[in-house]
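Peer 1: Pasting a structure below so you can have a look.
None of the figures in this text is laboratory data; all of them are computed from the coordinates on show. Everything numeric here is computed off the predicted structure, so don't read it as measured data. Don't worry about glycine lacking a Cβ; one is built from the backbone with ideal geometry, like all the others, and counts go over all protein chains shown.
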Amino acid sequence: MKHIFYAAIVVTALVPGVAGADSPTGQNISTTAVSETPPDALHFSANASLLSDYRFRGTSYSLGDPVTQASLVASHESGLFAGIFASSLGNHPIYGTTEVDLFAGFAQPIAPALTAEVSLYYYVYPDGNLPVSQTNSFETTVQLTGDFGAFTPKIGAWYAWEQTALFGRDNLYLFGDLVWRVPDTAFDAKVHAGYTNGAYSIAADSTVVDWSVGVGFRPLPNIRLGLDYSDIGGPRVDDYTDDAIVGGLSMDF
């Protein structure tokens, strides 16, 4: 639910010279730039992944089960983009077996080595076990991504306004990421921290902090093996909010 790794695909595709990085969930993103595409051309990026768990913002949306995921993003040199992401969920008691995210937005450089993005996401659960209005929801985001050689920092905010699926409440999520691509090697490392305030919090006071660290290795430029450690504050529930080590294999197309 509420993935962000395709946002980095968009930044990479729209801004020549921005190298590929990785999301807090352990997903790798495309490293294909479009500096040689003709003006006004569309660029398509795709990714497929196998993960030992679907962890996002510190919680498991597959309840500890392995998942398969895929995404497709179409980006235009004007800065506009749109795409779709899909993931299996195991057999979630609320969301069912499948998640589909639809998203669109705009990304552009605003300074040397700095790109801004605004976008809107709609989360769909085709076989959820509750009415659509109680599962499907919207969320919007503003993000800044830097490109400083081997280091790719990112900060941003996600906001979901009051909706039925959020029990009439809203939610704010603030995060910061840092990816380090180890020079002259196929390895990378990353850290992530996030703060939730609102409906998506698992804590009684509606605020919670999550964090993760990870390493990755690319045997080929479009294939990444990753290993992440993820944790979150608040109450512990096995295979949901406990800490976890997540392994993954992903391929860019």
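Peer 1: In Å, what is the Rg of the alpha-carbon atoms in the range 59-166, and how long is Dmax?
Peer 2: Looking at the range 59-166, its Cα Rg and Dmax stand at 16.1, 47 Å.
Peer 1: Another question, then. Under a point-charge model restricted to the Cβ atoms of Lys and Arg (+1) and Asp and Glu (-1), what is the dipole moment magnitude of the range 5-252 relative to its Cα centre, in debye to the nearest 20? Spell out each step's value before the answer.
Peer 2: Details: 9 positive and 26 negative charges, 41 e Å.
Roughly 200 debye, rounded to the nearest 20.
Peer 1: I would also like to ask the following. For a test of the definition: using alpha carbon positions, the gyration tensor, and the 1.5 limit on a/c, classify the range 107-253 as rounded, prolate or oblate.
Peer 2: Since a/c reaches 1.5 and a/b is larger than b/c, the shape of the range 107-253 is classed as prolate.
Peer 1: Additional query: Note the full-extension length gain between THR207 and ALA46 as 0.36 nm times their separation in residues minus their Cα-Cα distance, in nm to one decimal.
Peer 2: Taking THR207 through ALA46 to full extension adds about 54.5 nm, to one decimal.
Peer 1: Right, something else. Could you tell me what fraction of 2.2 N^0.38 Å the Cα radius of gyration of the range 5-252 comes to, as a two-decimal ratio?
Peer 2: 0.97
Peer 1: A follow-up question, please. LEU249 versus THR164, label points 7 Å from Cα toward the beta carbon: distance in nm?
Peer 2: 4.2 nm
Peer 1: Right, here's the next one. Contour minus end-to-end for PHE217 and LEU80, with contour as 0.36 nm per residue of separation and end-to-end as the Cα-Cα distance?
Peer 2: 46.2 nm
Peer 1: Right, something else. Hey, rough spin-label estimate for ASP127 and LEU178, points 7 angstrom out along Cα→Cβ, what's it come to in nanometres?
Peer 2: My value for the distance between the label points is 4.3 nm.
Peer 1: Measure of size requested: the Rg and Dmax of the range 170-244, with Cα atoms as the atom set and Å as the unit; please supply both.
Peer 2: Cα-based Rg and Dmax for the range 170-244 come out at 15.3, 46 Å.
Peer 1: Round to a whole angstrom and tell me the spacing of the C-alpha centers of the range 60-91 and the range 93-154.
Peer 2: 9 Å
Peer 1: Also, I was wondering about something else. What FRET efficiency, computed as 1/(1 + (r/R0)^6) with R0 = 30 Å and r the Cβ-Cβ distance, is obtained for VAL237 and ALA189, rounded to the nearest 0.05?
Peer 2: 0.55
Peer 1: Would you be so kind as to identify which of ALA189, LEU225, LEU102 lies farthest towards the positive end of the dipole of the range 5-252, taking Lys and Arg as +1 and Asp and Glu as -1 on Cβ and the Cα centre as origin?
Peer 2: Checking the options against the dipole of the range 5-252, the answer is ALA189.
Peer 1: If amide hydrogens are placed 1.01 Å from N in the peptide plane, which non-local residues have theirs closer than 5 Å to the one on ASP242?
Peer 2: VAL237
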